[in-house]
Each structure stands twice: as structure tokens, then as C-alpha cells.
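Data first, discussion second: the structure below is written as C-alpha cells.
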Amino acid sequence: MGYGWALAAVLATWCLLDALSRLVWRPRAVAAALRRQGVRGPGYRLLVGSLGDINKLRADAAGAGGAAALDVASHDFIPFVQPQFRQWIPLYGRVFLYWFGWTPDMCVADVEVAKQVLSDRTGLFPKNVTTPMLLKLFGRGLVLANGDEWQRHKKVVHPAFNTDKLKMMTATMAGVARSMVSRWEEKVASHGGKVVIELSSQFEELTADVISHTAFGSSYAEGKQVFMAIKELQFIAFSSLLSVQIPGSRYFPTKKNLKVWRLDRKVRSTLMQIISNRLAAAAKEKAGGGGGGYGEDLLGLMLEASAPPELGTKRRQPPVLSMDEIIDECKTFFFAGQETTSHLLSWTMFLLSTHPDWQDKLREEAVRECAGAGAGDDDDQLPTYDMLGKLKLLNQFLLETLRLYSPVPAIRRRTAAAVEMGGVTVPGGTMLTFPIATMHRDEEVWGADAGVFDPMRFDGGGGAMAKLLSFSTGPRACVGQSFAMVEAKAVVAAILRRFRLELSPEYVHAPTDVITLRPKHGLPMVVTRVHA
């Protein structure tokens, strides 16, 4: 009995000392070390760090009942989405320390320091899993993997998005866009030539259909349950980002956790069904004397990488990807391949509606460069990859949309060990936050007109492109950025060639972030048929 009490006392003492170290001593030591190097920031508060201040700033910006909104001519949504950086950067500078609970977090709003970190190839700035909820959303796919694990995933995934594959995928993208446009035409015709359509939900379904067809050889209907479950997981994951996480709480059978577990099981079971269908098709083909390959899309390449060696071959090394890793990669691309492009399209349409002169310019360009590609009702030819590549003005318009309405408003990393960054030695285990939306409005970087929509700043590309961080940069830049740009061009060109767009009086301009930046109240648009 005495031994048991002694052991319990030792464990209790150890837990108390560990808690004091995490919650009191380390925060004080980190803050003091950085303060000696000139890095300041809001003070640390026990347990909550800076989260209380951040949540209050967001609530104040949203107004009573979350009803605050911007004028449609304004692009300054930073007080809604990143109010802490709007308040703290003038006080503490572009690089400062704040606290995610008891975890130190450095805001890095200096573009040169950000590029130094994001371009690093040593592994000193790995991806950071802020909350276990993110793993349910993304899995440990290419977005969150690090080190050798990331290299294995990259080796399999990157070939699925090379230029040759993109050229083949373009027809699918354009075909899905054509189907959506045809449905709109029926609506417009049945409403006397003009109708209000809520575009953000339309784009969510369209981009889901595109990623389903091009990456997984399925359809939106087959993967609909995945998208619906992932969307719910996304909102839960975002809410957890701005709350204090009690260690071990993800294992408690709370109402939220039970819902997360249910949604995760739904995602996994649906993905397994899609995978099983592909495996069965390959087995059937092989039994019939065919090659029995898994296909050339993303899913096919991943299944090839997971296949065991053929009997009698010399290959003895384990598969490149396990089945669990394939499921995680599917999660990543079902979310990342759909969510970001969907919102890029929404913000592009918003800006087209508020800049009718650009809408006319881009329509003329699309008609000229995609001549013969579905210009008339009886023309079934779809625009090609090369045709879309000639849409120079549309490319500039999309880049400026990405600058002002980047679908991912912030990027996070962490320090694997103590490391020098921009002349400051940063302790190991520190989170790094790059507030992309704020940086894209920095007048010292972009000029006095940084808050103005001007696609011509990307005419020539070089200087402006070097400062654009919407797809990140360096070795961990978004693998799907070319895919997203081609898809956006195909969809925008298809819409402009058939329709004129105007904002509905019902639209409320309130950009909000739920990991990605979206129109809080949707995007109702007045759609009118353009007569050739």
C-alpha cells in the first residue's frame, strides 16, 4: 500500500511539474528569449494565450449577430478574417509573437522572410498539425506529410498532375462546365431570359464533379457522401482551431467527437467502395485477358504504388503506399481539389460582376481564342488545353483574384528545432503563421494601390508573381495549382461565352474563413443569356 501511494505521489508531482513547465515556465522563457532579440507581441495568458483576444476581435468585427458586411467595392475583409494581424502588426511589426493556447506562434508577415522559410529544403520548417481534427479532414496525405513520408507521397502523386495529364483532363473539365452551362441555359429560358442563380453552391458541385472524374474515375454522385461529410468536418475543424485543446480530449466520447467519428467512418467507407470498384474492374479486365491495370489517374497511380509484387518477380521492397495512406491521400484531394477551386471561381464571378468592363474584355478574349469550341448551340467541340493557355487576360484576372481573395488566407509551419529565421533565433516547437491575405495587401510590397483590384499588375508576370503566395512557394507549393488554374479558365470561359453576370440585390458582401475563404451568405447572381 505504501509503495502504491509513493508511486502515485511521484506521478502526481511529475504531472504538476510538466504542467507548470508547459503552461508557465516555457512561455515565459520563450517570450524573454525573443524579447531580447527585439521580437515583441501581446502578453501570454495562462491556458488561453492569445485566443481570447483573437475571438473577441473577430466577434467585434462581425457585429451583432454576425451581421456586419462590406460595401461591394471594398476588398478589405481583413477585419473579419484576420483582425488580430490588422491590430497587432502596427504595434509590434511584421514579425511578432503571440500564443495559440500555451503554444508560441510567430506571425511572419514579412514577404522575404516568408519566402525564405517556405523555400527551405532542410526540413527545419515542417507542416504543422494545429489540431487533431485536421487529420480527420486531410488525413496524412501530401498536404500534411513531412520528411521521407512526404517524399514517398510526392513520388506517386506528382505525375498525376503533369502537363500531359492536364491536357487529357482539360476535356473533362470543359465537359463538366458545358453541362452546368446547359442547365443554366434551360433556367434562363424558362424565366424569360434572366434568372437569379446562387453560384457558390453551383461551383461546389461542379468542382466536386471535376475532381471525382479526373482524379478518381468516379462521379460527384458516387462521391457525394464524401464531400458532404468532409464539409461538416471542415466546419468542426475550423472551430477547434480557435479554442483551447485539452490534451487527450479527442478521445472523450463528447457529442462533437461522436459526430467526428461518425463522419470519418462515412468518408472511409465511401472511399473504400470507390477503391474496391477500381480493384474489381482491374481484376475483371485481367481475368478477361487484358492488362489489368488500375488506370492513369491519381487513384490508379496510387493503387499501382500499393500493389504487391507479382509472383515470381524480384521486387521485395514493401509497397510505396499502404491502403490507409491511399485513403488519406484521397481525403486530401477530395477536399483540396474541390474546396479551393470552388471558392476561386466564386470570387472570380463576384469580381467579374463588379467590373463589367473586364467582363466584356474576357468574353471577347474567350470568343476569339476558343473559336470553334462551343461558341454556337450546335458546336460540340470543347476548348483544349492549348486554347485555354492563350487566355492571357483571364490568367491575369485570376491571379489578381487570388491576390485579393486567396482561397487559403493563411499558411502554417512549425520549427522542428531552434532555427535562425530573418535574423532571429526561433525556439524549436514554435508555430509560424504566414497571413497571406494580410501580406497581399501590404502597400510597401504591392504599392499604394494594394487594396485596388487591378489585373494589369500581373501583365508580364515576373515581379508580381514573385510576391504572390496563394499557392505557397518552394518545394511544398501546391501540387494542384496548374490543375486549378486550367479548371478555372475552362469554367470561366464557358460561362462568359454564354452569359452576362450581375450581382443580385440580395448579395451581402461578407467574406469569411472556414479554413478557406468563402462568401458567408452565398453568391446570388443575375444571369442573362448573351446572344451571339
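Please name whichever of 480, 39, 494 sits farthest to the positive end of the charge dipole of the range 38-529, dipole taken about the Cα centre and charges placed at Cβ: Lys and Arg +1, Asp and Glu -1.
My answer, from the dipole projection, is 39.
Where q = 0.25 Å⁻¹, what log10 of I(q)/I(0) comes from the Debye formula for the range 83-146, counting one point per Cα?
-1.13
Report, for the range 38-529, the % of DSSP beta bridges that are antiparallel, rounded to 5.
Details: 30 of 33 bridges.
The answer is about 90 percent antiparallel.
Once amide H atoms are built 1.01 Å from N in the peptide plane, which residues 5 or more positions from residue 525, or in another chain, come under 5 Å H to H?
Sorted by chain and number, the residues that satisfy this are 197, 198, 199, 504.
Along the charge dipole of the chain, pointing to its positive end and built from +1/-1 on Cβ of Lys, Arg, Asp and Glu, which listed residue (190, 201, 269) has its Cα farthest out?
After comparing all options, I get 269.
Give the distance, in whole Å, between the Cα centre of the range 456-532 and the Cα centre of the range 183-205.
First find each Cα centre; the distance between them is then 18 Å.
Tell me, in nm to one decimal, what length is gained between residue 284 and residue 64 on full extension, where the rule is 0.36 nm per residue of separation less the Cα-Cα distance? Intermediate results must be reported in sequence, preceding the final value.
Numbers: separation 220, 0.36 × 220 = 79.20 nm, distance 6.02 nm.
73.2 nm is the gain from fully extending residue 284 to residue 64.
For 520, 255, 165, 390, give the ranking by accessible area with the largest first, probe 1.4 Å.
Details: 520 95, 255 185, 165 35, 390 120 Å².
Per-residue accessible area, sorted high to low, gives 255, 390, 520, 165.
For the range 57-178, what is the relative contact order in percent, using Cα pairs closer than 8 Å and at least 6 residues apart in sequence?
11 percent
Measure nothing but the geometry: give the 0 to 90° angle between the long axis through the Cα atoms of 147-157 and the longest principal axis through the Cα atoms of the chain, rounded to 10°.
Long axis of 147-157 versus the principal axis of the chain: about 10 degrees.
Under 1.5 on a/c is rounded, so check that first for the chain, then, if it is not, pick prolate when a/b is larger than b/c and oblate when it is not; a ≥ b ≥ c are the square roots of the alpha carbon gyration tensor eigenvalues.
Oblate, because a/c is 1.5 or more while a/b does not exceed b/c.
Determine, for each peptide in 399-408, 139-148, 450-459, the mean count of other beta carbons within 10 angstrom over its residues, then list the peptides with the highest first.
Working: 399-408: 23.4, 139-148: 19.7, 450-459: 16.5.
With the highest mean Cβ count within 10 Å placed first, the list reads 399-408, 139-148, 450-459.
Quick one: compute the contact order of the range 38-529, relative version, from alpha carbon pairs under 8 angstrom and 6+ residues apart, as a percent.
On the way: 726 pairs, mean separation 123.4, N = 492.
RCO, the range 38-529: 25 percent.
Over the range 423-517, average the accessible area per residue using a 1.4 Å probe and give it in Å², no decimals. Don't jump to the answer; show the numbers that get you there.
Working: 3030 Å² over 95 residues.
In whole numbers, the range 423-517 has 32 Å² accessible per residue.
Rank 60, 328 by accessible area, highest first, at a 1.4 Å probe radius?
Values: 60 95, 328 30 Å².
If we order 60, 328 from most to least accessible, we get 60, 328.
Enter the Cα centre distance for the pair the range 92-108 and the range 346-370, rounded to the nearest angstrom.
For the range 92-108 versus the range 346-370, the Cα centre distance is 40 Å.
Note down the net charge around residue 423, summing +1 for each Lys or Arg and -1 for each Asp or Glu among other residues with Cβ under 12 Å from its Cβ. Display every interim value, and only then the final one.
Numbers: positive: none; negative: 110, 112, 420.
Charge balance near residue 423 sits at -3.
Report the one residue of 96, 332, 410 whose Cα lies farthest in the direction of the positive end of the charge dipole of the chain (charges on C-beta: Lys and Arg +1, Asp and Glu -1; origin at the Cα centre).
96
Could you please state how large a percent of the accessible area of the chain is carbon and sulfur, counting protein chains only and using a 1.4 Å probe? Walk me through the intermediate numbers first.
Working: 13490 of 23810 Å².
Summing carbon and sulfur atoms, their accessible area is 57 percent of the total for the chain.
Say each of residue 259 and residue 121 gets a label point 7 Å from the Cα, pointing the same way as Cα to Cβ; how far apart are those two points in nm?
Distance between the two pseudo-spin positions: 4.5 nm.
Quote the accessible area belonging to residue 261 in square angstrom, nearest 10, computed with a 1.4 Å probe and with ligands, DNA and RNA left uncounted.
Accessible area of residue 261: about 70 Å².
Tell me the accessible surface of residue 47 in square angstrom (1.4 angstrom probe, heavy atoms of protein chains only), to the nearest ten.
That residue has around 80 Å² of solvent-accessible surface.
Taking the 0 to 90 degree range and rounding to the nearest ten, how far is the long axis of helix 220-241 tilted relative to the main principal axis of the chain, both from C-alpha atoms?
Taking Cα atoms only, the helix is inclined about 30 degrees.
Can you give the calculated 222 nm mean residue ellipticity of the chain, where each DSSP H run of n ≥ 4 adds -39,500 (n - 2.57) and the sum is split over every residue, rounded to the nearest 500 deg cm²/dmol?
Details: 21 runs with 286 residues, N = 532.
Result for the chain: -17000 deg cm²/dmol, rounded to the nearest 500.
Probe radius 1.4 Å, ligands and nucleic acids left out: which of 528, 332 has the largest accessible area, and how do the rest follow? Don't skip to the answer; put the middle values down first.
On the way: 528 35, 332 0 Å².
Of 528, 332, the descending order of accessible area is 528, 332.
Enter the angle in degrees (range 0 to 90, nearest 10) between the Cα long axis of helix 481-496 and the first principal axis of the Cα atoms of the chain, meaning the one along which they spread out most.
That helix lies at roughly 40 degrees to the long axis.
The values are calculated or read from the model by the stated rules, or taken from the named source; none is laboratory data. Since the model is a prediction, treat every value here as computed from it, not as a measurement. Quick reminder, even Gly has a Cβ in these numbers, built from the backbone with ideal geometry, and neighbours come from all protein chains shown. Note: areas computed on protein heavy atoms with side chains; ligands, DNA, RNA excluded. Shrake-Rupley method; radii C 1.70, N 1.55, O 1.52, S 1.80 Å.
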